[in-house]
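Trainee: First the structure, which I've put down as structure tokens, then a few questions once you've had a look.
The values are calculated or read from the model by the stated rules, or taken from the named source; none is laboratory data. On a predicted model such as this, the values are computed, not experimentally measured, just so you know. FYI the Cβ positions are ideal-geometry reconstructions off the backbone, even for glycines, and counts take in every protein chain you see.
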Amino acid sequence: MQDRRIGGLVLVCLVIASGLIARLFSISILQHDSFLAKAQKQQIVQRDVLPRRGDVYFQNAASGKDVVVAQSVQRYSVSVTPKEVTKKAEYAHMLAGVTGTDEVSLLKIMKAGGEYTPPLQHGLNQSDMTHLADQINQLERAADPRWVDEKVDFDSSQGNILIFVGGVYFVREYERVYPEGPLAAQLLGFVNDQGKGQYGLEGEYDTALKGYSGKIAVEQDSTGTSLDQQTTVQGEDGTNYELSIDRNVQSEAEQQLAQEIKDSGSTGGTVIVMDPKTGEIMAMASNPSYDPAAFREVKQSDIGVFDNPAISNLWEPGSIFKPLVMAAAMDMGLVTPDTKNDFPESVTVDGYKIETALRKAYGVETMTQVLENSDNVAMVWVADKLGNQNMYNYLQKFGLGQSTGIDLKNEIDGNLPGVSKWSDISRSTTSFGQGVAVTPIQMVSAFGAIANGGRLVQPRMVHAIINPDGTKQPIATVEGAQVIKSQTADQLKDMMVATVEHAHNRAGTPGYKIGGKTGTAQIPDPVNGGYLPDAYNHSFVGIGPSDNPRYVMLVKLDHPDIKKVGLYAEGTAVPLFGRLSTFLLNYYQIPPTNR
């Protein structure tokens with residue numbers, strides 16, 4: 001009997017042992033890969049290594065050194081994983097004191113559990129992080145004297161999570177800062193709270209600027225202490241850009257524009273300065289503007305201020321359009337600078353009466369004098385010689401009705417109606433810049449072609465890409481069409497010089513040949529059609545020096561108070577151009593013209 005009991009016990013032991021052996025075989029051999037993966041999942045943590053967004057620089061011809069105008073600096077945020085927080089009341093009290101978060105609300109969130117909450121606070125620096133880590137260590141040490149203090153490792157190669165303890169973790173971030181404040185805000189744009197570039201250069205080059213994340217695999221023990229790490233994906237910081245903008249020219253343009261807006265009672269304005277040989281923009285200023293570091297403070301009703309009027313706003317240019325139409329007629333051999341005709345005070349087209357601006361006849365005029373006098377009636381005569389198709393073709397070649405391709409976000413096309421929609425009256429009004437809509441950058445580009453021997457170049461902001469080793473990779477000039485013959489361009493520049501000398505000498509600078517043309521354009525009525533009463537935009541576009549152009553500049557003032565400054569651009573845009581032109585000639589030490 002006893003032998004049978006012993007035998008039965010042995011049999012049971014053998015069955016159990018066989019089961020254990022089978023289970024061990026299954027775990028160690030058959031399910032080895034599965035359990036290894038689970039173990040590694042618990043022991044290996046994947047972390048992102050955040051790229052640093054690229055810097056943006058302006059030039060500074062005065063010092064010869066670039067000036068950083070947009071850069072990213074390391075900052076940190078604090079987050080919690082509520083379900084991992086065991087000392088909920090203590091941590092809620094501690095974090096509320098450090099981050100300024102409401103303690104009651106924070107405790108409620110922690111008690112609710114959950115995997116993730118949005119960061120409690122952004123923009124913390126290394127000192128803040130070290131202080132917060134000390135607070136956590138004190139709290140944990142008070143609960144357990146054996147606690148080993150956690151230290152914050154700020155090495156960027158360690159990934160974006162600096163520390164994870166007690167359900168609290170610190171996250172590395174980058175904050176975009178603009179050392180020059182609101183300078184050139186609308187051409188730079190800004191970076192939103194999700195790290196995405198918006199508007200301007202930040203939006204146009206967002207992908208290249210932000211780079212891409214790397215990944216590291218961190219092995220840690222059961223307490224979360226890191227044991228070893230290896231890179232699994234190599235990241236790359238963002239591209240750095242040197243713009244063609246000169247910091248001092250930009251600043252001068254903004255200051256002068258702001259003062260003229262104030263003095264003239266204008267609602268806003270724009271200044272663009274471009275090198276006609278390369279298309280590089282030397283300054284692009286608009287007002288009103290904003291501070292890109294404080295974009296969150298812009299009211300919803302005012303978000304239109306984010307748009308850059310130089311590339312995103314249309315306006316009927318008025319008489320600054322006349323040299324483009326004159327260039328077309330001269331290029332076709334229909335007129336020369338000395339072609340004469342006797343022009344009346346007014347002309348009727350399709351039942352509409354068109355008058356000279358001063359409502360007087362200038363009599364016999366050369367084509368040069370037509371520009372000097374800004375004679376609307378004479379321009380109708382020139383447009384008649386061209387005809388619809390020829391005039392339309394030349395305006396298209398000048399780049400009107402289409403974007404210039406400038407490397408900024410949100411450039412819009414102009415509005416040049418198709419030639420099939422043209423009538424005699426639309427051709428006539430277009431000849432003096434009414435009934436056609438353009439952006440400021442389109443007009444600068446078109447006049448750039450006149451300054452550049454008749455050939456267009458694409459406007460651009462980026463002068464060079466700055467490599468990680470500090471070397472620069474220049475960006476090539478993109479040439480466009482030969483719009484007019486070089487001889488035509490030279491003749492037109494001389495005509496524009498005569499216009500400044502005989503009609504708008506406040507735009508000139510003694511010792512230099514400066515050419516240009518004014519524009520005083522009615523403002524369309526967006527509700528009732530037609531034009532608003534006593535509402536005008538003033539502009540002046542010029543080339544300097546005319547015999548060896550270094551810049552093309554457009555100044556534009558929106559809806560000045562004509563009771564205060566008079567009806568015409570002569571009292572506003574002309575002197576503004578003159579001051580900025582003199583500044584440019586002195587700043588770049590351009591030798592005086594030999595007369």
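Trainee: Test residue 369 against the criterion of being without any contact (Cβ under 8 Å) to a residue 40 or more places away in the chain, of a type in the set (S, T, N, Q) and crowded, with 20+ Cβ neighbours inside 10 Å, and give yes or no.
Mentor: When the stated conditions are applied, residue 369 passes them.
For (1) surrounded by 18 or more Cβ atoms within 10 Å (Cβ to Cβ); (2) out of contact with any Gly (no Cβ under 8 Å at 6 or more places or on another chain); (3) at pLDDT 95 or above; (4) closer than 19 Å to residue 565 by Cβ, each residue gets a yes or a no:
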| site | (1), (2), (3), (4) |
| --- | --- |
| 483 | yes, no, yes, no |
| 499 | yes, no, yes, no |
| 506 | no, no, yes, yes |
| 523 | no, yes, yes, yes |
| 545 | yes, yes, yes, no |
| 550 | no, no, yes, no |
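Trainee: Quick one: residue 271 ticks every box in (1) farther than 26 Å from residue 465 by Cβ; (2) modelled with pLDDT under 95 except a single one, so which number is it?
Mentor: Only one criterion is unmet by residue 271, namely (2).
Trainee: Looking at the range 43-73 only, could you name the residues that are in a strand (DSSP E or B) and at pLDDT 90 or above?
Mentor: If the condition is that a residue be in a strand (DSSP E or B) and at pLDDT 90 or above, then 56, 57, 58, 59, 67, 68, 69, 70, 71, 72, 73 are the ones that fit.
Trainee: On the basis of being within 23 Å of residue 520 (Cα to Cα) and exposed (fewer than 15 other Cβ atoms within 10 Å of the Cβ), does residue 467 make the cut?
Mentor: no
Per-residue answers, yes or no, for (1) of a type outside the set (S, T, N, Q); (2) crowded, with 17+ Cβ neighbours inside 10 Å; (3) under 16 Å from residue 404 (Cβ atoms); (4) in the same structural domain as residue 403 (by TED's automatic domain parsing):
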| site | (1), (2), (3), (4) |
| --- | --- |
| 251 | no, no, no, yes |
| 258 | yes, no, no, yes |
| 278 | no, yes, yes, yes |
| 289 | no, yes, no, yes |
| 306 | yes, yes, no, no |
| 309 | yes, yes, yes, no |
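Trainee: Oh, and also: If we keep just the residues of the range 260-276 that are surrounded by 23 or more Cβ atoms within 10 Å (Cβ to Cβ) and of a type in the set (A, V, I, L, M, F, W, C), which is farthest from residue 182 (Cα to Cα)?
Mentor: 274
Trainee: Okay, next question. May I ask you to say which residue of 123, 181, 166, 189 is modelled with pLDDT under 90 and either surrounded by fewer than 19 Cβ atoms within 10 Å (Cβ to Cβ) or within 30 Å of residue 269 (Cα to Cα) (or both)?
Mentor: 123
Trainee: Let me ask you something else. Consider the range 136-173. How many of its residues are farther than 14 Å from residue 77 by Cα and hydrophobic (A, V, I, L, M, F, W, C)?
Mentor: 7
Trainee: Determine if the range 95-117 includes at least one residue that is surrounded by 13 or more Cβ atoms within 10 Å (Cβ to Cβ) and touching a residue at least 60 places away in the same chain (Cβ under 8 Å).
Mentor: Among the residues of the range 95-117, at least one is surrounded by 13 or more Cβ atoms within 10 Å (Cβ to Cβ) and touching a residue at least 60 places away in the same chain (Cβ under 8 Å), which makes the answer yes.
Trainee: Sticking with this structure for a sec: Yes or no: residue 91 buried (at least 18 other Cβ atoms within 10 Å of the Cβ), more than 30 Å from residue 295 (Cβ to Cβ) and among the hydroxyl-bearing types (Ser, Thr, Tyr)?
Mentor: yes
Trainee: Further, regarding this structure: Could you say which residue among 511, 519 is of a type in the set (Gly, Ala, Ser) and over 19 Å from residue 321 (Cβ atoms)?
Mentor: 511
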